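Chemist: One structure is given below, represented as structure tokens, and several questions about it will come after.
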Amino acid sequence: MSKTFLFIAGGLLATAIAGAAYVRLAPVDAERFHRDPDQITKAKTPNNYLVSAAPSADRAPVRLQMSRDDLMAAIDAWVLALPHSERRVGSIDSGLVTYVIRTQLMRYPDTLTVKVVEADEGAALSIYAKAIYGRSDFGVSQRRVEALFAELGIK
């Protein structure tokens, strides 16, 4: 192999490693993603999943027969039990929380914004899940929301 080829290949490899390290280690400004899911227009890229009253939502808000506080506590416990997850913005008391959850293998950051409000005889749940980097998340955002719904007994 020529020295030029090895030099170019080495440069490309170093660039790929640096890019992956940046995405993995860069701080996440979760405040940027902390918005009411019912006021969000879903991104056209396939790296997000929206459960809300917004016209662009993948699914309508979910209503459950439990109090807002109990539902928020259950969601908070489930999310924080996931590996590499943390509550970053908002509070359980406010009913609007944004979590940062890092993917298993590469630790790429995703956000999960949860809104729970009092509704007829229970609570209404809206969610926006989004991969911060990339155009596609290979369905991770949707699967994460569906796993939460399964935990809560939602079909």
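Chemist: Here are the criteria: (1) open to solvent by 60 Å² or more (accessible area, probe 1.4 Å); (2) more than 16 Å from LEU50 (Cα to Cα); (3) at pLDDT 95 or above. Tell me which single one SER85 does not satisfy.
Modeler: Looking at each condition in turn, SER85 falls short on (1).
Chemist: Restricting to segment 67-102, name every residue that is more than 16 Å from the chain's Cα centre (by Cα) and β-branched (Val, Ile, Thr).
Modeler: The one that is more than 16 Å from the chain's Cα centre (by Cα) and β-branched (Val, Ile, Thr): ILE92.
This table checks each residue for (1) open to solvent by less than 100 Å² (accessible area, probe 1.4 Å); (2) modelled with pLDDT of 90 or more; (3) part of a loop (DSSP other than H, G, I, E, B); (4) closer than 23 Å to VAL114 by Cα.
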{"site": "PHE7", "(1), (2), (3), (4)": "no, no, no, no"}
{"site": "ARG24", "(1), (2), (3), (4)": "no, no, no, no"}
{"site": "PRO27", "(1), (2), (3), (4)": "no, no, yes, yes"}
{"site": "GLU31", "(1), (2), (3), (4)": "no, no, no, yes"}
{"site": "ASP38", "(1), (2), (3), (4)": "yes, yes, no, yes"}
{"site": "TYR49", "(1), (2), (3), (4)": "yes, yes, no, yes"}
{"site": "ALA57", "(1), (2), (3), (4)": "yes, yes, yes, yes"}
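Chemist: Which residues, counting only those in segment 131-146, are under 20 Å from ALA60 (Cβ atoms) and of a type in the set (Phe, Trp, Tyr)?
Modeler: Passing the criteria: none in range.
Chemist: Can you tell me how many residues in segment 90-109 are of a type in the set (A, V, I, L, M, F, W, C), in contact with a helix residue (DSSP H, G or I) (Cβ under 9 Å, 6 or more places away or on another chain) and open to solvent by 10 Å² or more (accessible area, probe 1.4 Å)? Write out each step before concluding.
Modeler: Within segment 90-109, the subset of a type in the set (A, V, I, L, M, F, W, C) is 92, 96-97, 100-101, 105-106.
Narrowing further to those that are in contact with a helix residue (DSSP H, G or I) (Cβ under 9 Å, 6 or more places away or on another chain): 92, 96-97, 100-101, 106.
After this cut, where a residue has to be open to solvent by 10 Å² or more (accessible area, probe 1.4 Å) as well, the list is 92, 96, 106.
Counting residues in segment 90-109 that are of a type in the set (A, V, I, L, M, F, W, C), in contact with a helix residue (DSSP H, G or I) (Cβ under 9 Å, 6 or more places away or on another chain) and open to solvent by 10 Å² or more (accessible area, probe 1.4 Å) gives 3.
Chemist: Here's a follow-up. Residue under question is SER126, and the condition is that it be among the hydroxyl-bearing types (Ser, Thr, Tyr) and modelled with pLDDT under 95; does it hold?
Modeler: Working: among the hydroxyl-bearing types (Ser, Thr, Tyr): yes; modelled with pLDDT under 95: no.
When the stated conditions are applied, SER126 does not pass them.
Chemist: Here is a check on your reading of the model: is LEU112 surrounded by 15 or more Cβ atoms within 10 Å (Cβ to Cβ) and in contact with a Leu (Cβ under 7 Å, 6 or more places away or on another chain)?
Modeler: Details: surrounded by 15 or more Cβ atoms within 10 Å (Cβ to Cβ): yes; in contact with a Leu (Cβ under 7 Å, 6 or more places away or on another chain): no.
Considered against the rule, which asks whether it is surrounded by 15 or more Cβ atoms within 10 Å (Cβ to Cβ) and in contact with a Leu (Cβ under 7 Å, 6 or more places away or on another chain), LEU112 comes out as no.
Chemist: Check off (1) in contact (Cβ under 8 Å) with a residue 60 or more places away in the chain; (2) over 18 Å from GLY122 (Cβ atoms) for ARG32 and give me the number that stays unchecked.
Modeler: Answer for ARG32: the failing condition is (1).
Chemist: Sticking with this one: Name the single residue, out of those in segment 131-148 being among the basic types (Lys, Arg) and open to solvent by 40 Å² or more (accessible area, probe 1.4 Å), that is modelled with the highest pLDDT. Spell out how you get there, then give the answer.
Modeler: The initial filter retains those residues of segment 131-148 that are among the basic types (Lys, Arg), namely 135, 143-144.
Retained after the next criterion (residues that are open to solvent by 40 Å² or more (accessible area, probe 1.4 Å)): 135, 143.
Working: ARG135: 87, ARG143: 95.
For segment 131-148, the residue satisfying everything is ARG143.
Chemist: Follow-up question, since we're still on this one. Looking only at segment 116-135, which residues are part of a strand (DSSP E or B) and touching a residue at least 60 places away in the same chain (Cβ under 8 Å)? Full working, then the answer.
Modeler: At the first step, the residues of segment 116-135 found to be part of a strand (DSSP E or B) are 116-119, 122-131.
Of everything in segment 116-135, those that are part of a strand (DSSP E or B) and touching a residue at least 60 places away in the same chain (Cβ under 8 Å) turn out to be ALA123, ALA124, LEU125, SER126, ILE127, TYR128, ALA129, LYS130, ALA131.
Chemist: A further question follows. Condition check: out of contact with any strand residue (DSSP E or B) (no Cβ under 8 Å at 6 or more places or on another chain), surrounded by fewer than 19 Cβ atoms within 10 Å (Cβ to Cβ) and in contact (Cβ under 8 Å) with a residue 24 or more places away in the chain. Does GLU151 satisfy that?
Modeler: Values: out of contact with any strand residue (DSSP E or B) (no Cβ under 8 Å at 6 or more places or on another chain): yes; surrounded by fewer than 19 Cβ atoms within 10 Å (Cβ to Cβ): yes; in contact (Cβ under 8 Å) with a residue 24 or more places away in the chain: yes.
In short, yes.
The values are calculated or read from the model by the stated rules, or taken from the named source; none is laboratory data. None of these values were measured; they are calculated from a predicted model. When we count neighbours, we look across all protein chains shown, and the Cβ atoms used for this are built from the backbone with ideal geometry, even at glycine. Side chains are part of the model used for accessible areas, which takes the heavy atoms of the whole protein and leaves out ligands, DNA and RNA. Shrake-Rupley method; radii C 1.70, N 1.55, O 1.52, S 1.80 Å.
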